[in-house]
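The values are calculated or read from the model by the stated rules, or taken from the named source; none is laboratory data. Only a predicted model underlies this, so the values are computations on that prediction, with no experimental measurement involved. Positions of Cβ are generated from backbone atoms using ideal geometry, with glycine treated the same way; all protein chains shown enter the neighbour counts. Just the protein is used for accessible areas: all its heavy atoms, side chains included, with ligands, DNA and RNA removed. Shrake-Rupley method; radii C 1.70, N 1.55, O 1.52, S 1.80 Å.
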Amino acid sequence: MAKIKLLNIVGARPQIIKSSAISRANLLNFHEEIKEITLHTGQHYDKELSDVFFDELELPKPDFNLGVGSASHGRQTSLMITGIEEVLLNEKPDCVVLYGDTNSTLAGAIASAKLHFPVIHIEAGLRSFNKCMPEELNRIMSDHSSTLLFAPTNAAFKNLMNEGFRPENCPPYTIDNPKIYLTGDIMYDNSLFFAALAERKKASLLEQLSLEREKFVLVTIHRDINTDDIDRLKNILSTLKELAESYTIPLVMPFHPRTINSLNAWLRPLYDELRGCGYINIIPPCSYLEMTWFEKNCRMIITDSGGVQKESHFFRKPCIVLRKETEWIELVTNGTVKLADANPERIREEFTGFMNSGNGLEYPGFYGDGKAAEFILREILHLFES
Ligand code: UD1
Ligand code: UDP
């Protein structure tokens, strides 16, 4: 069989990290059968949202970078589609691998499906059941443009069945006869692989930020519902400041530029207050190993991120999610993730609950065996054998 040419499409921070799980598994097991090339849409372009991950995770530089940058959804996605189409026509990959639910995922799905390149969607089937989220539309459209769909959880697999995908489909698989798999989560593969390295390389963070293990809270905020709604952002941050002061516990906040932009534009006095508070440490977005170290050593996580709330589970930390709903519903059922939205009362209540009872929580293995990427690549090979 000729070597399969697989085109990875990435664009946002978490997609670069996710693609590293696939590249690592490929290098270890399949490099004689699969040649990977990578297209970066340029959705994220700041060094700390993009290059830092290629460097730290030792990924080859992308073969193509469309450099689309930031823009409205329509403009950004259309620039991506145009650029991806051109690369597809020139490169003629055997398949296109998409990750997650960003505008880069959607653009990759539309461009590839319309030109009849098989789409492989990793992290398929996740649903928030809130179509006001741009990511929910991206997920649904990407899943329905795919030939192989890799669901990370039981809930995601069931969501696909509820939308008409049939596990009993037989080869040859196509966009009209797609195959769905339950795989586990490639981000769990990554966390298992990098946890010890993070501990070895990043323990200096303790001194740099004057932290004590298990005695600080990690906070990330980047979702549009929080960054672009002044009242929500204000409620969240004022409540967190109050809690940090009353519990005398430091909060480490590696903030996305989007959050900093909003603070600068609309909440300057609050931003100054936060920076003047001895318990609050707002820092630039950090590298994946730094983030892994923070997650592994903190007392609790507060976030609106999909990836970070899941990583809270990998590192057995309670987590407050600053949203009304989540795609990782098993964590809520398990009681280790609490949905507090941007409601000060609920944030206080859940924070207090976790400060008092964090140690008795259980963290069952919802996310596979750490070999999801290997499984996915093997099934991609089968697609071309059949
Ligand atoms: C995007 C994804 C989101 C994902 C997140 C991961 C969509 C619709 N959203 O959100 O699902 O959770 O990435 O981090 O695809 N900006 C910079 N520097 C950059 C990139 C962005 O300053 O390198 C600023 C710009 O002001 C930009 C804003 O952040 O307008 C938002 O960027 P964008 O890529 O549109 O969405 P994210 O919020 O990053
Ligand atoms: N992450 C990181 N540095 C940060 C914030 C997040 O390396 O400052 C990592 C995090 O560990 C996780 C991924 O980025 O693996 C999650 O990305 P993000 O929260 O931006 O997006 P989401 O998962 O919500 O799409």
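The table for this structure:
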quantity: Tally of residues being under 18 Å from Ile225 (Cβ atoms), out of contact with any Lys or Arg (no Cβ under 6 Å at 6 or more places or on another chain) and either open to solvent by less than 40 Å² (accessible area, probe 1.4 Å) or hydroxyl-bearing (Ser, Thr, Tyr) (or both) across the stretch 340-351; calculated: 2
quantity: The stretch 278-309 - residue that is near ligand 2 (Cβ under 8 Å from one of its atoms) and of a type in the set (D, E, K, R) and, of those, farthest from Gly370 (Cα to Cα); calculated: Asp304
quantity: Qualifying positions in the stretch 4-24 - open to solvent by less than 10 Å² (accessible area, probe 1.4 Å), more than 16 Å from ligand 1 (Cβ to nearest atom) and under 17 Å from Glu56 (Cα atoms); calculated: Ala21, Ile22
quantity: Qualifying residue in the stretch 218-234 (condition: farther than 20 Å from Cys286 by Cα, surrounded by 21 or more Cβ atoms within 10 Å (Cβ to Cβ) and not polar (S, T, N, Q)); calculated: yes
quantity: Subset of the stretch 40-69 that is touching a helix residue (DSSP H, G or I) at 6+ places or on another chain (Cβ under 7 Å) and without any contact (Cβ under 8 Å) to a residue 60 or more places away in the chain - its residue that is nearest to ligand 2 (Cβ to nearest atom); calculated: His44
quantity: Scope the stretch 118-131; condition in contact (Cβ under 8 Å) with a residue 60 or more places away in the chain and over 17 Å from Gly184 (Cβ atoms); matching residues; calculated: Pro118, Arg127, Ser128, Phe129, Asn130
quantity: Only one of Val321, Val308 that is free of Cβ contacts under 8 Å to residues at least 24 places away in the same chain, crowded, with 19+ Cβ neighbours inside 10 Å and not hydroxyl-bearing (Ser, Thr, Tyr); calculated: Val321
quantity: Identity of the residue in the stretch 185-205, open to solvent by 40 Å² or more (accessible area, probe 1.4 Å) and more than 23 Å from the chain's Cα centre (by Cα), that ends up farthest from Arg268 (Cα to Cα); calculated: Arg200
quantity: Yes/no for Asp63 being out of contact with any Phe, Trp or Tyr (no Cβ under 9 Å at 6 or more places or on another chain), within 16 Å of ligand 1 (Cβ to nearest atom) and among the charged types (D, E, K, R); calculated: no
quantity: Complete set of residues in the stretch 220-230 that are in contact (Cβ under 8 Å) with a residue 40 or more places away in the chain and more than 15 Å from ligand 1 (Cβ to nearest atom); calculated: none
quantity: Single match in Asp224, Asp176 (criterion: among the acidic types (Asp, Glu), touching a helix residue (DSSP H, G or I) at 6+ places or on another chain (Cβ under 9 Å) and more than 27 Å from Gly370 (Cβ to Cβ)); calculated: Asp224
quantity: Positions within the stretch 25-38 being open to solvent by less than 40 Å² (accessible area, probe 1.4 Å) and touching a residue at least 60 places away in the same chain (Cβ under 8 Å), in sequence order; calculated: Ala25, Asn26, Phe30, Ile34
